[in-house]
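Read through the structure below, which is laid out as structure tokens, and then see the notes.
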Amino acid sequence: MKLYFIRHGETDWNRQKRLQGNVDIPLNENGRAIARATALGMEKAGLHFDRVYSSPLSRARETARLLCPGQEIRVDERLREISFGDLEGTNYQVVAQLPMPAPGGESSRELQSRAMEFLGEMIADPENQGKKILISTHGAVIRSLLMYIKGIPHEEFWKGSVSKNCGVTILEAQEGKITLREENVVFY
């Protein structure tokens, strides 16, 4: 099975460098444009998906709809972005200087636990074997999965960058083993 984790398209808060977390900010016009361009790029690459999953947040659901029009989108709460609690809406640079998790927020361990629970269920489901599955989600969710696969400690969670909007991370699962095939692939 191949799992294609895509970060949602751009929002106004992405452009303004504000933490969205669980605030339900919609895609902006550029976000819709890059999602449509990604759909065309995937089509040119011969990619078609057997199943589509999404975070419940509208920016991820709309990205999935634009990529796979007409397909059923299965919403899963575990794909929701990390909660930044009281810091949601704050500028990225300010947050980089503050201890995490924020008051009322979620830790990287909590996020990774729910993301890995989702991934484990996907891999264990016999109906998913041999399938190509698109998962529309968020930067921190993808980062938490990559940290697990690469063995990166939680203390380094906020170091580095997140995937580009509509960047795709491809995982392959065979016989219970997860392999990172490609990271932050752009089809637009």
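Couple of notes before you dig in:
- Virtual spin-label span in nm between Ser161 and Arg109, 7 Å along Cα→Cβ: 3.1
- A simple charge model with +1 on the Cβ of Lys and Arg, -1 on the Cβ of Asp and Glu and nothing else charged puts the dipole of the range 109-151 at about 260 debye relative to its Cα centre.
- The range 1-73: projected area of the alpha-carbon convex hull, averaged over directions, in nm²: 5.1
- Cross-link partners of Lys17 among lysines, defined as those whose alpha carbon lies under 22 angstrom from its own and excluding same-chain residues fewer than eight positions apart: Lys159, Lys164.
- The range 77-188 - Debye-derived log10 I(q)/I(0), Cα point model, q = 0.09, 0.13, 0.15, 0.23 Å⁻¹: -0.26, -0.53, -0.69, -1.47
- Within the shell of other residues whose beta carbon sits under 14 angstrom from the beta carbon of Glu172, the net charge comes to +2, with Lys and Arg scored +1 and Asp and Glu -1.
- About the Cα centre, charge dipole magnitude for the range 1-93 (Lys/Arg +1, Asp/Glu -1 at Cβ), debye: 280
- Surface accessible to a 1.4 Å probe, per residue, for the residues of the range 93-137, Å²: 52
- For the range 83-90, the Karplus equation 6.51 cos²θ - 1.76 cosθ + 1.60, evaluated at θ = phi - 60°, returns couplings of 7, 9, x, 5, 8, 4, x, 7 Hz by residue, with Gly and Pro reported as x.
- Under Karplus coefficients 6.51, -1.76 and 1.60, residue-wise ³J(HN,Hα) of the range 10-20 in Hz, glycine/proline x: 5, 10, 4, 5, 4, 4, 7, 6, 10, 6, 8
- Using a probe radius of 1.4 angstrom, the carbon and sulfur fraction of the accessible surface of the range 121-188 is 47%.
- Orientation-averaged projected area, Cα convex hull of the chain (nm²): 9.7
- Under Karplus coefficients 6.51, -1.76 and 1.60, residue-wise ³J(HN,Hα) of the range 132-138 in Hz, glycine/proline x: 10, 10, 9, 10, 8, 8, 10
- Positive-end extreme of charge dipole, the chain - chosen from Gly104, Gln129, Gly85 (charges on Cβ): Gln129
- Label sites at Gln93 and Val186, each approximated as a point 7 angstrom past Cα along Cα to Cβ, lie 2.3 nm apart.
- Taking all pairs of distinct alpha-carbon atoms in the range 135-174, Kirkwood radius in angstrom: 11.0
- Lysines whose Cα lies under 20 Å from that of Lys132, excluding same-chain neighbours fewer than 8 positions away: Lys2, Lys44, Lys177
- Between Glu72 and Ala45, the modelled label-to-label distance comes to 2.6 nm, taking each label 7 Å out from Cα in the direction of the beta carbon.
- Using only side-chain charges placed at the Cβ, +1 for Lys and Arg and -1 for Asp and Glu, the dipole size of the chain relative to its Cα centre rounds to 500 debye.
The values are calculated or read from the model by the stated rules, or taken from the named source; none is laboratory data. The structure displayed is predicted, hence computed values, not measured ones. Glycine gets a Cβ as well: all are built from the backbone with ideal geometry, and neighbour counts include every protein chain shown. Ligands, DNA and RNA are stripped out before the accessible areas are found, and what is left, the full protein with its side chains, is counted by its heavy atoms. Shrake-Rupley method; radii C 1.70, N 1.55, O 1.52, S 1.80 Å.
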